[in-house]
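Just below is one structure, and these are the notes that go with it.
The values are calculated or read from the model by the stated rules, or taken from the named source; none is laboratory data. Remember, it's a predicted structure, so these values are computed and weren't measured experimentally. FYI the Cβ positions are ideal-geometry reconstructions off the backbone, even for glycines, and counts take in every protein chain you see.
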Amino acid sequence: MAITFAIIKERKNPPDRRVVFSPEKCQEVIHQFPNARIIVEASDIRVFSDEAYRAAGFEVKEDVSEADVMLGVKEVPVEALIPNKKYFFFSHTIKKQPYNRKLLKAILEKKIELFDHETIVKQNNSRLIGFGRYAGLVGAYNAFRALGLRDTLFTLPKVETLSDLDAVKTQLDNIELPKGLRIILSGTGKVAKGAKEILDHLKIREVTDANYLSKTFDEPVYCLIDVTEYNRRKDGGKMVKQEFYKDPSGYESDFMRYAKVSDVFIAGHFYGNGAPYLFTREDARHPDFNINLVADISCDVDGPVASTIRASTIADPFYGYDPKTETETKFNTPGAIAVMAVDNLPCELPKDASEGFGNMFLENVIPAFFDGDKRGILERAKMTTSDGTLTERFAYLQDYVNQGN
């Protein structure tokens, strides 16, 4: 059965230049799946031009309502939703985000089948696609950009002014870091791996947590930590990762031992509901708290990283957090913690991010349309049905949809 996919125009502000498939990736899709057809909605902001899609052999149109499946990145405005279609985009509704309740309501009213990119998972619920690596790459680069600006050590350009990841890494080749700089990086997923790629490119030595906590170094070093290292059981018992994920209530933060001996914290962890905060506002005031720059890639506002009191923007990525007054100040104010908390980091690297995302989407999602969904990818990812109801897996969102009715 032939299926028509549409690359839809991104309409959210600020503009997002990313796309699910580049022109080259579109060619791969139709080569691998002869029953797939792709049309492209005209857009003047996309990182790949309309002309590039035309040159690759694809029709570019103002109206793509003939398509069966709409492929986007960011939330689609309610007025742009076409009823009775299948849509893929980041809806930011699965955590009951209040600002998108109307969007989910409209999707149900228009009998749209919604597949959120975040819900495209394996059987064990681990995510199959996302922009995490690129968030990590840009977030770690931004940490060094903030350090250079604040301490007048060097000047790095904004990532958005650079052509691609190679250009980003070339810029880093020109900087020299303070000799005793100590960096802590949290997380084990794609975000942390992306950040680690930048640290390794800079040839910063990775050390074990035992050495990091007990030794001094005359070169820049970093230590990668996960939940088993920055949490501990309240009763002093053995930390068991799977137990912690199931029920973190018996655990408390053990992050302060790292905070005492670190200058920079790059937060690339996933924070689960109910888990202990890494550091609180009280912790940040403690005389032993040594961290003075936080690049919070995870960016949970008023959450596990106390200095993240708001998300920042690509246009204005840095602010300061004054631990004494618990208020915002300038990022280079003496005594303040410099904060980078941009919540849409991959947008700064749209070409590489789109190409990486397209690889994952072609490998994991497109086959499901043509093989009877044998891996259950679409079944697990589907949030809403064509009769205007939530699927069983997402029935927990019903009270969120009903609010204010």
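Things worth noting here:
- Given (1) at pLDDT 95 or above; (2) in a loop (DSSP other than H, G, I, E, B), index of the condition Asn13 fails: (1)
To keep it simple, each residue is scored yes or no on (1) in a loop (DSSP other than H, G, I, E, B); (2) closer than 16 Å to Thr188 by Cβ.
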| position | (1), (2) |
| --- | --- |
| Gly236 | yes, no |
| Glu243 | no, no |
| Ser249 | no, no |
| Arg257 | no, no |
| Val261 | yes, no |
| Ile266 | no, yes |
| His269 | yes, yes |
| Gly272 | yes, yes |
| Tyr277 | yes, no |
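- Restricting the first member to region 109-125 and to residues that are without any contact (Cβ under 8 Å) to a residue 24 or more places away in the chain, and the second to residues that are part of a helix (DSSP H, G or I) and among the basic types (Lys, Arg), the beta-carbon pairs closer than 9 Å and six or more apart or on different chains are Lys122/Arg380; Asn125/Arg380.
- The sole residue among Phe88, Phe48 that is of a type in the set (Phe, Trp, Tyr), touching a strand residue (DSSP E or B) at 6+ places or on another chain (Cβ under 7 Å) and surrounded by 21 or more Cβ atoms within 10 Å (Cβ to Cβ) is Phe88.
- Matching residues, region 245-261, being buried (at least 19 other Cβ atoms within 10 Å of the Cβ) and under 21 Å from Glu326 (Cβ atoms): Phe255, Ala259
- Residues in region 1-42 that are of a type in the set (Gly, Ala, Ser) and touching a helix residue (DSSP H, G or I) at 6+ places or on another chain (Cβ under 7 Å) were compared, and the one that is nearest to Ser65 (Cα to Cα) is Ala42.
- Count of region 151-191 residues which are within 30 Å of Val227 (Cβ to Cβ) and surrounded by 13 or more Cβ atoms within 10 Å (Cβ to Cβ): 17
- Candidate set from region 371-401 (those that are part of a loop (DSSP other than H, G, I, E, B) and among the basic types (Lys, Arg)); member that is surrounded by the fewest Cβ atoms within 10 Å (Cβ to Cβ): Lys374
- Here Glu355 does not qualify as charged (D, E, K, R) and either assigned to a strand (DSSP E or B) or touching a strand residue (DSSP E or B) at 6+ places or on another chain (Cβ under 7 Å) (or both).
- Identity of the residue in region 279-295, touching an Asp or Glu at 6+ places or on another chain (Cβ under 8 Å) and in a loop (DSSP other than H, G, I, E, B), that ends up surrounded by the most Cβ atoms within 10 Å (Cβ to Cβ): Ile291
- Condition broken by Arg54, with the remaining ones in (1) surrounded by 17 or more Cβ atoms within 10 Å (Cβ to Cβ); (2) modelled with pLDDT of 95 or more; (3) part of a helix (DSSP H, G or I) satisfied: (1)
- For region 194-227, filtered to residues that are of a type in the set (Val, Ile, Thr) and crowded, with 16+ Cβ neighbours inside 10 Å, the residue that is nearest to Pro346 (Cα to Cα) is Ile198.
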